[in-house]
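A.B. asks: Once you've had a glance at the structure underneath, I'll fire off some questions.
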Amino acid sequence: MSEEAAFVDFQNVWLAYNEDLLAQNHFAVEEINLQAKQGEFIAIVGPSGCGKSTFMKLATGLKMPSKGKILIDGKPVTGPLKISGMAFQAPSLLPWRTTMNNVLLPLEIVEPYRSTFKSNRAEYEARARKLLQTVGLAGYEDKFPWQLSGGMQQRVSICRALIHEPKLLLLDEPFGALDAFTREELWCILRDLHAMQKFNVILVTHDLRESVFLADTVYVMSKSPGRFVVKKHIEMPAPRDLEITYTPEFGDIVHELRGHIGSIRQATANPITASTNTVAKV
C-alpha cells in the first residue's frame, strides 16, 4: 500500500468455524492479507467452496477470526459493522412491504436512524426516492416485490443496502441469478453508484467478466482452505463502458484470471502439486 492508510485491512487472518476444528488446525480460510484504500472496488473470484463467502462474514463482523486482525476504517472489527451494507444473490425483499418500505427497512432497525425514524421519515423517504430514481425505479415506490422483475428486485436490494449511506458495500453474487442483459445493465448501475458515492466495495463473484469490468483490483482465492494466491490490478481506466468488454485487452485479462483458476483446480485434483504461501501480483 502507499502512505495512504488502508480502509479495509486484513492482517494474516485465519478462521476455523469452531474450537474443535481449530484444535485440528482445520481452517476455512488462512493467511488472508488484503489492504484496500478508501473508495477502492475489489472483487474476489475463485472456485466454488474456496471461502469467498466466509471472507464476507469476516469483513462484516459476522465472524471473528481465529488468528490475525481485521481493521475497517482504522478500527478493529469486534462485531457486526454498522458502516456496511450488504446485498446477496437472492434479493430477500419482504413480500408484504412496498418497494419504498423495503428500502427503508435498515433505517427502522439500525441506530442512530431507528430512534429518529418517525420524526425524520420524510427526509429518509426523499433519500430512498433519489436512490430508486438513480437505479431506474422512479414510479415503482408503491409496488410490491411480486410486481417487480428479478432485475428490479435486485435494484431494490442494492438501494436497501445503500440507504444508510454505508462506507462499505459487500456484494455476494448479487447478479448471479439474472439473465445476461439484465446483469450487464446492473453492472452499469453499480458502476455509476460507486463513481458517484465513492464507497468501498467488496464483490464476491463467479463471473470473471463482471470482476474485470467493475473492480480496481481482483483477488483470486485458492480451493479450501481459502487464501489469496493472485492479486491482479486492473489497469484499464475506470469507470468503464460496456464496449470495453469486447476489446482484446479486456479478454486477455479475463483469460489470464481463468488460467489462474484452472491451475487451482488442477492442483486440487493433483495434490502432489506444491502450494505457495505467497500472493502473486500480476
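A.B. asks: For segment 168-260, just say rounded, prolate or oblate: build the C-alpha gyration tensor, square-root its eigenvalues into a ≥ b ≥ c, call rounded for a/c under 1.5, and beyond that prolate if a/b exceeds b/c, oblate if not.
C.D. replies: Numbers: a/c = 1.42, a/b = 1.20, b/c = 1.18.
In terms of gyration-tensor shape, rounded.
A.B. asks: Say we join alpha carbon atoms closer than 10 Å with springs in a Gaussian network model of the chain; which of 44, 72, 83 then has the biggest fluctuation?
C.D. replies: Sorting by GNM fluctuation, first place goes to 83.
A.B. asks: To the nearest 10 degrees, how steeply does helix 248-269 sit against the main Cα axis of the chain, on a 0 to 90 scale?
C.D. replies: It is inclined by approximately 60 degrees.
A.B. asks: While we're looking at this one, here's another question. Scan (i) 59, 52, 27; (ii) 60, 46, 39; (iii) 71, 38, 29 for the value of Cα extents along the principal axes in Å calculated from this model and give just the label.
C.D. replies: Only one option fits the structure, namely (ii).
A.B. asks: Further, regarding this structure: Output the antiparallel fraction of DSSP beta bridges having both residues in segment 161-274, as a percent to the nearest 5.
C.D. replies: Details: 5 of 10 bridges.
Antiparallel bridges: around 50 percent, rounded to the nearest 5.
A.B. asks: Another question, if that's okay. What does the charge count around residue 106 come to, taking other residues whose C-beta lies under 13 Å from its C-beta (Lys +1, Arg +1, Asp -1, Glu -1)? If you can, show how the numbers build up before the last one.
C.D. replies: Details: positive: 82, 97, 114, 127, 160; negative: 108, 111, 165.
Summing Lys and Arg as +1 and Asp and Glu as -1 gives +2.
A.B. asks: Let me ask something additional. Report the net charge of residues surrounding residue 68, where surrounding means a beta-carbon distance below 11 angstrom and charges are Lys +1, Arg +1, Asp -1, Glu -1. Present the calculation step by step, with values, prior to reporting the outcome.
C.D. replies: Numbers: positive: 67, 69; negative: 9, 30, 31.
My count for the surroundings of residue 68 gives -1.
A.B. asks: Relative contact order for the chain: what is it in percent, counting Cα pairs under 8 Å that are at least 6 residues apart? Could you put the intermediate results ahead of the total?
C.D. replies: Working: 491 pairs, mean separation 67.3, N = 282.
Here the relative contact order equals 24 percent.
A.B. asks: Sort 250, 228 so the one with the fewest other Cβ atoms within 10 Å of its own Cβ comes first.
C.D. replies: On the way: 250 18, 228 22.
Least to most surrounded, the residues fall as 250, 228.
A.B. asks: Which one, 24, 60, 88, is farthest towards the positive end of the dipole of segment 1-100 when Lys and Arg carry +1 and Asp and Glu -1 on their Cβ?
C.D. replies: Final value for the positive-end residue is 88.
A.B. asks: If you don't mind, another one. Using a Förster distance of 35 angstrom, determine the FRET efficiency expected from the C-beta separation of residue 67 and residue 116, and round it to 0.05. Spell out each step's value before the answer.
C.D. replies: Working: r = 40 Å, r/R0 = 1.13.
After rounding to 0.05, the efficiency reads 0.30.
A.B. asks: Set the Förster distance to 25 Å, then compute FRET efficiency between residue 141 and residue 180 from the Cβ-Cβ distance, nearest 0.05.
C.D. replies: Working: r = 28 Å, r/R0 = 1.13.
Once rounded, the FRET efficiency stands at 0.35.
A.B. asks: Before anything else, pin down the relative contact order of segment 1-159: Cα pairs under 8 Å, at least 6 apart, normalised by residue count, whole percent.
C.D. replies: 21 percent
A.B. asks: Within a Cβ distance under 13 Å of residue 129, other residues only, what is the Lys/Arg minus Asp/Glu net charge? Please list the in-between numbers first.
C.D. replies: On the way: positive: 121, 127, 130; negative: 123, 125, 141, 142.
Here the count lands on -1.
Here, each number is a calculation from the coordinates, and none is a lab measurement. Treat the numbers as computed from the prediction; the structure is a model and nothing was measured. We place every Cβ from the backbone using ideal geometry, glycine too, and count neighbours over all the protein chains shown.
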